[in-house]
Amino acid sequence: MKSVLTLAVGKQLYVDMAVALARSFYVWNKDAGIDFYIATDNKQLIAIDVLRWVKVIELQSGELGEGFSPKLHLDKIAPTDQTLFIDSDCLIVQPLSSIFDKMNGKAISVVGSFISDGEWFGDVKSVCQKVGVDKIPKFNGGLYYLEKGEIATKVYQKARELEPKYDEIGLVRLRNKPNDELLMALAMAFYEQTPLEDTGNYMNDPLACPGKFNLDVFDGYSEMVNPLQPHPKHQSWNPNHIVNPLVVHFLGYYTNKYPYTKEVFKLKLVFQKKYSIVMASFVASLKITIPVLLAEIFRNTFRPIYHALFGYRGIKVSERV
């Protein structure tokens, strides 16, 4: 049995994101023999249309810890023999069968590549020496694959053992919390688990690709661009230029921005309001796309004047903190 699992614990915004993810999953995977699960402590907040086909794992508030800690307990709640965990702040634009096929037989896996030095939430070489490994996989923790068994259990147990030692090991916190990626990377390395090579087309995010960004869930299309040097937005640590990911990960505040807001609105119109895809796209263009484009033109035109008169705006505190 295969399943996709997401977490929605705490604030309603996580439940809302999980619902959007579930709807995007259904568009492309409803007949793929893959079940979709939401693990949540707020089942009552899940939209009724989604509850008709999504399976719910009910959790108690704080049962799996806070911050990123719940992702260190996926072995306990993984519902099937093969489970693909996807963060709730993602959208799916293609069938996921290729990821299951590529990762089949791996006890624990991610999409990434090995690193042995440099900086990744701490000095990689120093951290590896303290844990007793030569290298670790570097990856986006928005996606984990696990197969039930002894090795998966050992990897997650090791990650949980390392969590209280996070600062002692020399790891840097994310939003003042231990980052699951580093703990899982060290645990995976300890038990010799390997990543799926990152081509940029399995999962990607606007931080890695801060340039042109086109997305349409119902058309099954995504295009993300990491501008080439010497463009000021070029991300030197990302080797890819143009990618078409199956899963788009909207890190941090990107869930408050276009095109995420447009696609979530379209999904809601189709699934909850029973609009046709054509009508949903038309309404979304009128209510979201056109206003966003006009606002962008206005900002680009008058931003220098605004900064000269009022200075720069402060950074808003994330709703996720």
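The alpha carbon convex hull volume per residue for the stretch 58-107 rounds to 110 Å³.
When the dipole is taken about the Cα centre of the stretch 2-197, and only Lys, Arg (+1) and Asp, Glu (-1) are charged at their Cβ, what size is it in debye, to the nearest 20?
Values: 23 positive and 27 negative charges, 35 e Å.
So the dipole magnitude of the stretch 2-197 works out to roughly 160 debye.
With a Förster radius of 22 Å applied to the C-beta separation of Thr199 and Thr80, the computed FRET efficiency comes to 0.25.
Taking the stretch 1-118, how much of its Cα-Cα pair set, in percent, is spaced more than 19 angstrom apart? Each step should come with its number before you reach the end.
Numbers: 3199 of 6903 pairs.
In whole percent, the long-distance tail amounts to 46.
Listed by chain and number, the aspartates and glutamates whose C-alpha is less than 18 Å from the C-alpha of Lys262, apart from same-chain residues fewer than 8 away, are Asp16, Asp89, Asp205, Asp216, Asp219, Glu223, Glu296. Computed from backbone phi with θ = phi - 60° and the Karplus coefficients 6.51, -1.76 and 1.60, the 3J(HN,Hα) list for the stretch 282-298 is 5, 5, 5, 5, 5, 8, 10, 4, 5, x, 5, 5, 5, 5, 5, 4, 4 Hz; x is used for glycine and proline. Residues whose amide H lies under 5 Å from that of Asn140, counting only those 5 or more places away or on a different chain, are Val111; hydrogens are built 1.01 Å from N in the peptide plane.
At most 15 other C-beta atoms within 10 Å and a DSSP loop state: those are the exposed GluC sites (Glu not before Pro) I care about. Give me the longest piece of the chain that has none.
Values: sites that count: Glu63, Glu66, Glu192, Glu319.
The longest uninterrupted stretch comes out as 193-318.
Looking at the stretch 111-264, the DSSP beta bridges with both ends there are about 75 percent antiparallel. Candidates Gly132, Val50, Phe68 compared by Cα position along the dipole of the chain: farthest toward the positive end lies Val50, with charges placed on Cβ.
Between Leu174 and Glu223, full extension at 0.36 nm per residue minus the direct alpha carbon distance yields a gain of 14.9 nm.
Cut-off is 10 Å between beta-carbons; in what order do Cys128, Cys209 appear when sorted fewest neighbours first? Provide the component values of the computation, followed by the final result.
On the way: Cys128 21, Cys209 24.
Ascending Cβ contact count within 10 Å gives the list Cys128, Cys209.
Residues in the stretch 233-250 carry Karplus couplings, in order, of 8, 4, 9, 5, 7, 9, x, 8, 9, 10, 10, 10, x, 6, 10, 9, 9, 9 Hz; the curve used is 6.51 cos²θ - 1.76 cosθ + 1.60 with θ = phi - 60°, and Gly or Pro positions show x. Select from Asn179, Asn226, Asn300 the residue farthest towards the positive end of the dipole of the chain; place +1 on Cβ of Lys and Arg, -1 on Cβ of Asp and Glu, and compute about the Cα centre. My answer, from the dipole projection, is Asn300. Taking a ≥ b ≥ c as the square roots of the eigenvalues of the Cα gyration tensor, the chain is classed as oblate, since a/c reaches at least 1.5 and a/b does not exceed b/c.
Rounded to the nearest whole angstrom, the semi-axes of the ellipsoid equivalent to the stretch 39-192, taken from the Cα gyration tensor as √(5λ), stand at 28, 18, 14, largest first. Annotation: the antiparallel percentage among DSSP beta bridges lying fully within the chain is about 55.
Label sites at Lys287 and Glu150, each approximated as a point 7 angstrom past Cα along Cα to Cβ, lie 5.5 nm apart. For Leu96, nonlocal amide neighbours, meaning residues 5 or more places apart or on other chains whose placed amide H falls under 5 Å from its own, do not occur.
Simple rule: put +1 on each Lys or Arg Cβ and -1 on each Asp or Glu Cβ in the stretch 2-197, find the dipole, and look at Ser3, Ser116, Met188; the Cα lying farthest toward the positive end is Ser3. Please say if the stretch 177-255 is rounded, prolate or oblate, where rounded means a/c under 1.5 for a ≥ b ≥ c the square roots of the C-alpha gyration tensor eigenvalues, and otherwise the choice is prolate for a/b larger than b/c and oblate otherwise? Here the stretch 177-255 falls in the prolate category.
By the rule of a C-alpha distance below 30 Å, with chain neighbours fewer than 8 residues away ignored, the lysines paired with Lys125 are Lys71, Lys102, Lys106, Lys135, Lys138, Lys154, Lys158, Lys165, Lys177, Lys233.
Values in this text are rule-based calculations from the coordinates and carry no lab data. Given the structure is predicted, the values throughout are model-derived calculations rather than measurements. Counting neighbours? That spans all protein chains shown, and the Cβs are built from the backbone with ideal geometry, glycine included.
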